[in-house]
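Okay, structure first, notes after.
The values are calculated or read from the model by the stated rules, or taken from the named source; none is laboratory data. Bear in mind the structure is a predicted one, so any value in this text is a computation, not a measurement. Positions of Cβ are generated from backbone atoms using ideal geometry, with glycine treated the same way; all protein chains shown enter the neighbour counts. With ligands, DNA and RNA removed, areas are computed over all heavy atoms of the protein, side chains included. Shrake-Rupley method; radii C 1.70, N 1.55, O 1.52, S 1.80 Å.
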Amino acid sequence: MERSWNVKKLPLEPNPVLVEQACKRAESIQNRVADRITTFAGSMNFVYIHVLWFGAWIIFRVEHYPYGLLTMIVSLEAIFLSTFVMISQNRADAKRQAIADQHWQVVNQEDKQNEELLALARQILELTKAVHASTAVQSGSAAPAASGDNTRPAA
C-alpha cells in the first residue's frame, strides 16, 4: 500500500534582480502596453476570438472567396504580432542577462571568500607545524620524528 504524502510547497521568493527589473520596465507606458498585448496574444482567449471572427467572416459572407480583405487583415496582424513576440523575447533575454549578471557577482564573491579561506588554512597549517616543531624540541624527543612516526606524541 502506497502512502501519499501531502507535501506543501513553500512559495519561492522572487529574485530581487527580477523585481527591480520589472519595476523599471513598468515605468514605461510602452512596455506596459507591449506586455499586455503579448500576454493576451499568447492566451487561449486570443485563439477563441480569432476562431469566432474567422468563422463569422466566412459564415456571414463579409466578402467572397478568396477573402482578400481578410487575408490582408490577418497578414497585418501577423506582422504586428511577430514584432510583439520579438519584444517579448528581448524582455526574456534581459531577464536572463540580469540573473546571469547577479550569479556572476555571487561567483566572484564566493571565489574571493574561497581564496581567503585557503590563505587562512595555509596559515593554520604553518602555525600547526610550528607548534608541533616547538613542542617536539621542548620535550627533547626527536626520536619519534626521526623514526617517521609523527602520529603519537612523546610521553
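Numbers for the structure displayed
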quantity	calculated
Candidates Q138, Q109, Q89 - the one that is open to solvent by 70 Å² or more (accessible area, probe 1.4 Å) and modelled with pLDDT under 90	Q138
Odd one out for K9, checked against (1) modelled with pLDDT of 90 or more; (2) open to solvent by 100 Å² or more (accessible area, probe 1.4 Å)	(1)
Residue count, region 27-61 (criterion: in a helix (DSSP H, G or I) and among the hydroxyl-bearing types (S, T, Y))	3
Pairs, first more than 21 Å from V17 (Cβ to Cβ) in region 105-120, second polar (S, T, N, Q) and not in a helix (DSSP H, G or I), C-beta under 8 Å, six or more apart	none
E77 vs. criteria assigned to a helix (DSSP H, G or I), acidic (D, E), over 16 Å from the mean Cα position of the chain (by Cα) and surrounded by 10 or more Cβ atoms within 10 Å (Cβ to Cβ)	yes
Unique match (being surrounded by fewer than 11 Cβ atoms within 10 Å (Cβ to Cβ) and of a type in the set (G, A, S)) among G68, G42	G68
